[in-house]
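Enquirer: Here it is, the structure, as structure tokens.
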Amino acid sequence: MTQTQTGAIGAHNAKVMNRYALTKRMVDRLKRDEAVIGGIGNANFDLWACGQRPQNFYMLGSMGLAIPIALGVAIAQPKRHVIALEGDGSLLMQLGCLSTVAMLAPKNLTMIVWDNGIYQITGGQPTTSASTADLVTIARGSGIANASWVADEGDFDRLLAAALKDGGPTLIAARIDGKPAVATTERDPVRIRAAFMQGIAAT
Ligand SMILES: Cc1ncc(C[n+]2csc(CCOP(=O)(O)OP(=O)(O)O)c2C)c(N)n1
């Protein structure tokens with residue numbers, strides 16, 4: 001059951017899932033060449049834990065840049081599907097990127113938002129998405145019609161499969177629990193950048 005089908009799934013009745021488990025489901029469904037941009041902290045820690053790929057970029061230090069970086073890659077390489085993984089707190093810091101994505105409308109861009117309602121990595125301070133802000137409504141208001149809350153794991157698979165058909169831009173927002181990430185990304189930005197540039201043949 002998806003929001004687009006029923007109008008019933010919203011931020012507060014979506015199933016609370018696990019970021020690592022969903023990241024693993026996403027990675028398992030990649031064909032080969034998709035670029036995946038993991039946002040600061042837990043988004044890229046769990047991406048790292050799912051197995052390093054040369055087409056993965058692991059953002060360190062700056063909040064809210066997964067979607068802007070993914071947008072740039074999607075525009076530069078329109079034949080490659082690009083996935084951004086971002087936390088709710090980071091997206092809330094960079095909401096303007098959603099209207100830029102909507103205006104440029106790259107079909108090959110999927111944005112996955114992990115909404116745990118907290119700035120987990122800095123101590124669990126609540127974000128506004130825990131109470132008043134609805135990230136899917138914000139995305140739609142920014143012009144991204146294809147924006148949905150994930151009902152459950154099966155719905156995540158369906159939404160992702162549809163997005164990977166290049167019908168985007170698509171935003172998929174998942175409510176997740178507060179469990180820590182499974183691993184920690186190696187902190188070597190120079191190596192991460194070089195490996196990614198090589199991985200997407202952009203050197
Ligand atoms: C501009 C900026 N402000 C604050 C921080 C400190 N900081 C790093 S990660 C983070 C929380 C990120 O929250 P979210 O994106 O929701 O991910 P989560 O930690 O919940 O997985 C904060 C506040 C930062 N790195 N950059």
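The values are calculated or read from the model by the stated rules, or taken from the named source; none is laboratory data. Remember, it's a predicted structure, so these values are computed and weren't measured experimentally. Positions of Cβ are generated from backbone atoms using ideal geometry, with glycine treated the same way; all protein chains shown enter the neighbour counts. Note: accessible area is taken over every heavy atom of the protein model, side chains too, but ligands, DNA and RNA are not part of it. Shrake-Rupley method; radii C 1.70, N 1.55, O 1.52, S 1.80 Å.
Enquirer: Can you count the Lys pairs in the chain with C-alpha separation below 13 Å, eight or more apart or on different chains?
Expert: 4
Enquirer: Same structure, new question: Would you calculate the separation in nanometres between label points at R32 and E186, each defined as 7 Å from the Cα along the Cα-to-beta-carbon direction?
Expert: So the label points at R32 and E186 sit 2.4 nm apart.
Enquirer: With a ≥ b ≥ c taken as the square roots of the eigenvalues of the C-alpha gyration tensor of the range 17-123, please select rounded if a/c is under 1.5 and otherwise prolate if a/b is larger than b/c or oblate if it is not?
Expert: Oblate, since a/c reaches 1.5 and b/c is not below a/b.
Enquirer: Can you give the convex hull volume of the alpha carbon atoms of the range 1-74 per residue, in Å³?
Expert: For the range 1-74, the hull spanned by Cα atoms encloses 131 Å³ per residue.
Enquirer: Here's another thing I want to ask about it. May I ask for the net charge around V73, where only other residues with Cβ less than 13 Å from the Cβ of V73 are counted and Lys, Arg are +1 while Asp, Glu are -1?
Expert: For residues surrounding V73, the net value is +1.
Enquirer: Can you give the calculated 222 nm mean residue ellipticity of the chain, where each DSSP H run of n ≥ 4 adds -39,500 (n - 2.57) and the sum is split over every residue, rounded to the nearest 500 deg cm²/dmol?
Expert: That comes out to -10500 deg cm²/dmol.
Enquirer: Heavy-atom accessible area per residue, the chain, 1.4 Å probe: how many Å²?
Expert: 43
Enquirer: So, one more: Between A11, A21, A174, find the one with the highest GNM mean-square fluctuation for the chain; connect C-alpha pairs within less than 10 Å.
Expert: It is A21.
Enquirer: Starting from the Cα of E153, step 7 Å along the direction of its Cβ; do the same at L60; then give the gap between the two resulting points in nm.
Expert: Modelled inter-label distance: 3.2 nm.
Enquirer: Same structure again: Arranged from highest to lowest average of other beta-carbon atoms within 10 Å per residue, in what order do the peptides 122-128, 190-196 appear?
Expert: So the peptides 122-128, 190-196, ranked by packing, come out 190-196, 122-128.
Enquirer: Could you quote the convex hull projected area for the chain, Cα atoms only and averaged over all directions, in nm²?
Expert: 9.8
Enquirer: On to the next question. Report the accessible area of H81, computed with a 1.4 Å probe over the heavy atoms of all protein chains in place, in Å² rounded to the nearest 10.
Expert: Around 10 Å² of this residue is reachable by solvent.
Enquirer: Right, another one. How much FRET efficiency would the formula 1/(1 + (r/R0)^6) give for H12 and L95, where r is the Cβ-Cβ distance and R0 is 25 Å, rounded to 0.05?
Expert: The computed FRET efficiency comes out at 0.80.
Enquirer: Which log10 I(q)/I(0) values does the range 31-85 give at q = 0.15, 0.23, 0.31 Å⁻¹ under the Debye formula, counting every alpha carbon as one identical point scatterer?
Expert: Reported log10 I(q)/I(0), two decimals: -0.36, -0.82, -1.25.
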